[in-house]
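Q: Before I ask anything, let me first share the structure, which is written out below as structure tokens.
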There are 2 protein chains.
Amino acid sequence: MSTDASRLNRMPVYHQLNDRLLELLRGGGYGPGDRFLTEREVAARFGLSRITANKALSGLVAAGHLEFRKGVGSFVRGEALENDLRALVSFTHKAARSGRKPSTRVLACRRLAAGEADVSVRRELDVRDAEVLVYVERLRLADGEPVIFERRHLVAERCGNPGRRDLGSSFYEWLDRVGVRVTGAEQRIRAVAVPPSERRLLQLREGVAVLRVHAVGRAAAPLWVEDTDYRGDRYEFHNVLTDGVPPRPARATLLQPDTDAHLHA
Amino acid sequence: MSTDASRLNRMPVYHQLNDRLLELLRGGGYGPGDRFLTEREVAARFGLSRITANKALSGLVAAGHLEFRKGVGSFVRGEALENDLRALVSFTHKAARSGRKPSTRVLACRRLAAGEADVSVRRELDVRDAEVLVYVERLRLADGEPVIFERRHLVAERCGNPGRRDLGSSFYEWLDRVGVRVTGAEQRIRAVAVPPSERRLLQLREGVAVLRVHAVGRAAAPLWVEDTDYRGDRYEFHNVLTDGVPPRPARATLLQPDTDAHLHA
DNA sequence: GAAACCACGTGGCTAAGCCACAAGATGTCC
DNA sequence: GGACATCTTGTGGCTTAGCCACGTGGTTTC
């Protein structure tokens, strides 16, 4: 590896190695708690020094994907997959994890030119006016109870041109299937009173609030922009702040129907 | 350093070094963009090998505090201080950063035995029934406009025994002053309709929602537990999810009074 | 004045090794 | 047979002593 082209990349070797190991970790059939490659194995397999191997592995440890155990090896962290974007943004995945049966009702689905969409949408998606978008409105249900109402503009081209039928279940599985790898998302979370139009949809009493998440999903370029309302009485976001090293993104949790009053107000 | 007591600690040397460098970074008068110690300087100063120094510095890089520039040195990252817990949880700090004048009204402040408090409070604070708590209700204002209402139980002993007068401005500055270093916090964020009792306080119309953040602040032990309501029309949480390495905790942003409708609903 | 050059310090990376630690296999004693 | 000590093996932690590629700034040259 000492003279090949990879050395000419701008990124340091340990950084490239970090990426390759991450791929391997995700695609190699590793599960939480599994033993990962040792420093020596990595060094041998990629023809690098043990120290470089260690530095790359350390990156995965710092990112929370692995765990070092002295005298034993490197292990896939239990919560590593929860770090996955899928777990952070996929309703289907989250609902299933909390033991409830997810379902979806597609309320609207149409194609439009970006020029017809709101200017803020065009800007956030970074598209020319001629670009084809798909607008879709979906109601997500857990055990038949409506809990999320989402409105989404997606760039057809970049998302594998989904049709109405493709959006009837998990959007993230669809992206997977067509080979689109989501690499990031930005969320803005606000609290709003449920609009009258949604009150019936979400089966809420007047005066109940929802968490409105405005989010942009990205791969190389923006893939979609969404406004999603989470029932205030069924969802909460968790956020752990840590001084020092390993932060975790906030994540939404679906609550059980009877978890209402847990505050001493 | 080869034989002294620090080696007997359970934590690897590079980890301990990481902590010491973090202290140095915070307390050493470093500002964003400043040049930090080089690997060789760290190695020399602490009597360790360059590689161990690099590994500790790498930790700070991974955590977003530093930035490596090959051939130049290690530099303090511009947003490093935003990572600080202070920036994440201190209202005074956030308000000042967004260019608005913070103020505080202490609505209530009394001491009580933990035994008198709600059982959930006792559990979350991990205290015996005899432990003395301080309960405080505060209204936080930005440019005179009420934006946050907070109710907080704090463990008097662990928080430097603050009195009513000490809670009239930033609680985090107070903790600093009495030498308490906050090391972590957990937040649960929900959306609730503003209770009638708070409607007047926050000067909100009926049917407006608030972000209710239930949080526990910790040092070695839990310091306080709080329920804080952020005006839904003035606050939003940001959350950036990244595939791979450097996640950032969600953070609350105070909006300008005229930033109301930014959604294409 | 501008361009080419050079020296120096930096992080990136290697080599070859020893250490402390964890765990399983082996052996020993009762 | 069972309990306990010991050995062996493999792991991550850490060191020494380098060379390399890169950025920067000063110096020289034209």
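Values in this text are rule-based calculations from the coordinates and carry no lab data. Since this is a predicted model, take the numbers as computed values, not measurements. FYI the Cβ positions are ideal-geometry reconstructions off the backbone, even for glycines, and counts take in every protein chain you see.
Q: Could you calculate, for the range A:5-78, the ratio of the Cα radius of gyration to the Kirkwood radius, expressed as Rg to Rh? Show your work: numbers first, answer last.
A: Working: Rg = 11.8 Å, Rh = 12.3 Å.
With Rh from the inverse mean 1/r over Cα pairs, Rg/Rh is 0.96.
Q: Next question. Can you list residues whose amide H is under 5 Å from B:Cys109's amide H, if they're 5+ apart or on another chain and H is modeled 1.01 Å from N?
A: B:Glu137
Q: So what are the ³J(HN,Hα) numbers for the range B:139-147, from phi and the Karplus equation (6.51, -1.76, 1.60; θ = phi - 60°), rounded to whole Hz, Gly and Pro as x?
A: So the J values, rounded to whole Hz, are 10, 9, 10, 10, 6, x, 8, x, 10.
Q: I need the Kirkwood Rh of the range A:112-159: take the reciprocal of the average 1/r across all distinct C-alpha pairs and report it in angstrom.
A: 11.8 Å
Q: Let me ask another. Taking the Cα centre of the range A:84-254 as the origin and placing charges on Cβ (Lys, Arg +1; Asp, Glu -1), which of A:Gly168, A:Gly144, A:Trp224 is farthest toward the positive end of the dipole?
A: In the range A:84-254, that residue is A:Gly144.
Q: Further, regarding this structure: Between beta-carbons, use under 15 Å as the cut-off and find the net charge around A:Val119, counting Lys and Arg +1, Asp and Glu -1.
A: Computed value for this residue: -3.
Q: Using a 10 Å cut-off around each Cβ, can you sort B:Phe91, B:Phe75 from fewest to most neighbouring Cβ atoms?
A: Neighbour counts put them in this order, fewest first: B:Phe75, B:Phe91.
Q: Right, something else. What gaps in nm, shortest first, separate B:Lys101 from its twins in the other copies when you place the label 7 Å past Cα toward the beta carbon?
A: The projected label point of B:Lys101 is separated from its counterparts by 6.0 nm.
Q: Treating only the Cβ atoms of Lys and Arg (+1) and Asp and Glu (-1) as charged, compute the dipole magnitude of the range B:5-78 about its Cα centre; round to the nearest 20 debye. List each step's numbers first, then the result.
A: On the way: 12 positive and 6 negative charges, 38 e Å.
Its charge dipole is roughly 180 debye.
Q: What whole-number volume per residue, in cubic angstrom, does the convex hull of the C-alpha atoms of the range A:84-254 give?
A: Here the figure is 128 Å³ per residue.
Q: How large is ³J(HN,Hα) for each residue in the range B:211-222, as worked out from phi by the Karplus curve 6.51 cos²θ - 1.76 cosθ + 1.60 (θ = phi - 60°), to whole Hz, x for Gly and Pro?
A: Karplus-based 3J(HN,Hα) across the range B:211-222 equals 8, 9, 10, 9, 9, 10, x, 10, 10, 6, 10, x Hz.
Q: If you don't mind, there's one more thing I want to ask. Which is farthest toward the positive dipole end of the range B:15-136 among B:Val127, B:Gly31, B:Ala63, measuring Cα position about the Cα centre, with Cβ charges +1 (Lys, Arg) and -1 (Asp, Glu)?
A: Farthest towards the positive pole: B:Gly31.
Q: Under the convention of a label 7 Å out along Cα→Cβ, give the distances in nm from A:Asp34 to the same position in every other copy, shortest first.
A: 4.5
Q: To continue, here is another question. Which whole-number percentage describes the relative contact order of the range B:84-254, with Cα contacts under 8 Å and a sequence gap of 6 or more?
A: 20 percent
Q: If you don't mind, another one. How far is B:Val178 from the same spot in each other copy, in nm, shortest first, if each label point sits 7 Å from Cα toward Cβ?
A: 5.8
Q: In addition: How large is ³J(HN,Hα) for each residue in the range B:121-131, as worked out from phi by the Karplus curve 6.51 cos²θ - 1.76 cosθ + 1.60 (θ = phi - 60°), to whole Hz, x for Gly and Pro?
A: So the Karplus estimates, Gly and Pro as x, are 5, 4, 5, 5, 8, 6, 10, 7, 4, 7, 4 Hz.
Q: Let me ask something additional. Excluding A:Asp227 itself, what net charge comes from residues whose Cβ is under 14 Å from its Cβ, given Lys and Arg +1 and Asp and Glu -1?
A: -2
Q: Provide A:Leu22, A:Leu211 in ascending order of the number of other Cβ atoms located within 10 Å of each residue's Cβ, fewest first.
A: A:Leu22, A:Leu211
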